[in-house]
Each structure stands twice: as C-alpha cells, then as structure tokens.
Amino acid sequence: MSKFAVIIFGDQAKANEASRVLTELQADNSLVLFSQAVIAKDLAGTVSLMAPASGGAVGSAVSGLASRLIGVPVGGHGGLSDAGVLDSFCQEAADALKPGATAIVAEISEDRLGPLNTQMHALGGQVLRSCNGYSEGDEIAKLTGRQIANIEQLNAEYVRAPQDADKPGETPVDAVTLAPDERASNQSIVKANAEARSAKLSQACGLTKDALG
C-alpha cells in the first residue's frame with residue numbers, strides 16, 4: 001500500500017544526496033519508490049519547485065502534493081483528497097518546512113519504517129508520512145489510546161479477579177475440576193501472565209508517547 005512522505009533537510013545538498021539514497025533503497029528492495037519531487041523554501045519564505053515529480057503519470061499525486069506545499073491550489077477530480085492526502089498532513093508538512101530548508105516529496109510503499117528512517121536521519125532529515133487519509137501522527141495517537149485502554153482493562157481485571165473468586169454462585173470452572181493446590185497454581189500463572197502483558201503494554205505505551213513527544 002502506498003503512502004506519501006515529505007522528508008525535510010536543512011539544505012539542498014543533503015536533499016540531493018537523500019534523493020540518491022531513496023533510489024538505492026528501492027534498488028535493494030527496502031521500499032518501492034513511485035515518484036519523488038524536490039521543493040525548497042528560501043529565507044523570504046517562498047517555496048519553489050527544484051525538481052519536478054518523476055515517474056510521468058504515476059507522479060501526478062506527488063506533483064499535486066508538491067504544488068500544494070508551494071501554494072498552488074489543487075482540487076477537483078484526481079486531487080489530493082482522492083489520493084488520500086488530508087489537509088492536516090499538508091499543513092503539518094508546510095509548518096515543518098522552515099525558511100532555508102529543502103524537502104523531498106515522495107510516494108512510496110514500505111513494509112518497514114526502519115530503512116528509510118535510518119538513512120534519512122543519518123543525513124539530518126525529518127521524515128513525515130501520510131497513509132490512507134491519516135497522518136502518521138494521527139495513527140500513533142490512536143495506537144497510544146488503544147494501548148492505554150488495554151493497560152487499564154488489564155489492571156481492572158487483575159484487581160477484580162480476587163473479588164470475583166470470592167462471590168457465591170460464581171465458582172470458576174477450574175474450581176470444579178482442579179484440586180485446591182492446582183487451582184492456586186493456575187491462578188498464579190494467570191496473574192503472572194496478566195502482569196507480564198501489562199508490563200509489555202506499558203513499555204510500548206511509553207515508547208509511543210516518546211515518539212509523539
């Protein structure tokens with residue numbers, strides 16, 4: 001599934017090198033590069049097209065996104081909304097493109113974020129992605145919310161478990177089939193698994209919040 005990336009650098013030399021690296025990443029099957037263009041914002045705040053979108057007709061969406069960031073209105077059938085690019089992502093990219101910066105605007109497909117992130121960060125680049133109508137920040141925020149909800153549910157179940165075990169008429173099935181010592185051992189295993197899952201989710205949530213920060 002394709003996505004759009006805006007990769008921002010402090011100068012054009014780094015962006016030119018990154019453009020070459022993108023081609024190399026495609027050559028070693030780290031990603032698929034459909035099209036790329038290069039834009040730059042001068043010190044006065046004017047954004048210009050430095051290199052047009054590659055790929056011919058395949059590059060029409062990249063051309064539209066680059067035009068939008070330059071300030072040229074893009075709309076109608078085949079516009080950015082049809083390509084899955086939200087206004088929020090366009091605004092995020094425009095705000096990140098500071099005076100004096102140069103950016104690669106690309107349409108890519110990737111199975112892993114690591115190869116692109118590693119190579120672009122090594123060149124001092126900032127990578128912004130948009131996929132399926134949602135910015136990467138939106139997806140991380142939703143993921144964080146789901147992780148927090150899972151952690152809260154696990155904690156609630158863990159706290160509630162001893163109380164539920166003491167309620168009359170709600171004897172668990174294993175109480176009928178297991179001896180007392182076996183039942184105690186089984187409950188210990190369940191609690192240990194719940195604690196382990198909660199710890200892993202807490203760690204993942206912390207890493208995600210760091211990414212959002």
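For the reader, a short list of remarks on this structure follows.
- When residues of segment 64-80 are limited to those that are at pLDDT below 90 and of a type in the set (Gly, Ala, Ser), the one surrounded by the most Cβ atoms within 10 Å (Cβ to Cβ): GLY64
Per-residue answers, yes or no, for (1) at pLDDT 95 or above; (2) basic (Lys, Arg); (3) within 16 Å of ARG129 (Cα to Cα); (4) over 22 Å from the mean Cα position of the chain (by Cα):
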site	(1), (2), (3), (4)
LYS14	yes, yes, no, yes
LEU25	yes, no, no, no
LYS41	yes, yes, no, yes
ASP82	no, no, no, no
ALA93	no, no, yes, no
ALA96	yes, no, yes, no
PRO99	yes, no, no, yes
GLU110	no, no, yes, no
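- Scanning segment 22-48 for residues that are open to solvent by 20 Å² or more (accessible area, probe 1.4 Å), over 17 Å from HIS121 (Cα atoms) and touching a residue at least 60 places away in the same chain (Cβ under 8 Å) yields a total of 5.
- When the residues of segment 114-136 are filtered to those that are modelled with pLDDT of 90 or more, out of contact with any helix residue (DSSP H, G or I) (no Cβ under 8 Å at 6 or more places or on another chain) and not β-branched (Val, Ile, Thr), the one that is most open to solvent (accessible area, probe 1.4 Å) is HIS121.
The values are calculated or read from the model by the stated rules, or taken from the named source; none is laboratory data. Small disclaimer: the values here were computed from a predicted structure and weren't measured. FYI the Cβ positions are ideal-geometry reconstructions off the backbone, even for glycines, and counts take in every protein chain you see. For the accessible areas, the whole protein counts, side chains as well, though only heavy atoms, and no ligand, DNA or RNA atoms are used. Shrake-Rupley method; radii C 1.70, N 1.55, O 1.52, S 1.80 Å.
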